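I have placed the structure first, in the form of structure tokens, so that the comments after it can refer back to it.
Derivation of every value follows stated rules applied to the coordinates shown; laboratory data play no part. Everything quoted here is computed from the prediction, not taken from an experiment. In this analysis, Cβ positions are derived from the backbone assuming ideal geometry, glycine residues included, and neighbour counts consider all displayed protein chains.
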Amino acid sequence: MIEIRAKIEKGGDAPVAGRIELPFERRQKRWLRAPLASGEEVSLRLPRGVILRGGDLLAASDGRVIEVVAVPERLVHVECATPDQLARLAYHLGNRHVPVHIGAGFLRLIEDPVLEDMLCGQGAKITHIEAPFEPEAGAYSGAHHRATDEERNPDKKIHEYGG
């Protein structure tokens, strides 16, 4: 089975040789098995804190470059009469630690009847749509990962068993 252990920084010149299509819930996982669009199984073993986004590129163990595709999901599209009202709703959702996709004049979140009732109660106009979900990463994204000794010194062996 092909393993994927790292993201590739964009701007490289290697051609994309495969696609992996995942919803947001699975793009947050460090370890998972999933099929490529071709049907071939791959195993993702990513570092802690990595969240995959649509368009990200991954390095496969066989040298191929794999593109991440954010698949459409059932979402709630939220609009408000004023920017202040939209900001207030974004605050309430953030206070509940709800992943939110923020766009020009709208918010999007995974369907949830309780949250939908709260949003409607606050005067929001909601519409159910299917679209890729790309929520905000958060103020501290990227700051949580600290390199392990193994990542800093991959050739260093702690003991004879390779760990």
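Structure notes:
- Estimated from the Cβ-Cβ distance and a Förster radius of 45 angstrom, the FRET efficiency linking THR127 and ILE2 is about 0.70.
- Each peptide among 86-93, 29-36 gets the average number of other Cβ atoms lying within 10 Å of its residues, and from highest to lowest they stand as 86-93, 29-36.
- Amide H within-cut-off set for GLU73, under 5 Å, with H built and near neighbours excluded: ALA131, PHE133
- The DSSP beta bridges internal to the range 2-70 are antiparallel in roughly 55% of cases.
- Hull volume per residue, based on the alpha-carbon atoms of the range 72-132 and their convex hull, is 70 Å³.
- With the alpha-carbon atoms of the range 21-101 aligned to their principal axes, the span from lowest to highest coordinate is 51, 25, 16 Å, starting with the largest.
- HN-Hα J in Hz across the range 98-110 - Karplus 6.51, -1.76, 1.60, θ = phi - 60°, x for Gly and Pro: 8, x, 10, 8, 9, x, 5, x, 8, 10, 9, 8, 5
- ALA137/ALA37 FRET efficiency (R0 25 Å; Cβ-Cβ; nearest 0.05): 0.50
- Proximal charge balance of ILE2 [Cβ under 10 Å; K/R count +1, D/E count -1]: -3
- Kirkwood hydrodynamic radius (C-alpha pairs) into Stokes-Einstein, the range 20-63, 25 °C and 0.890 mPa s, D in µm²/s: 223 µm²/s
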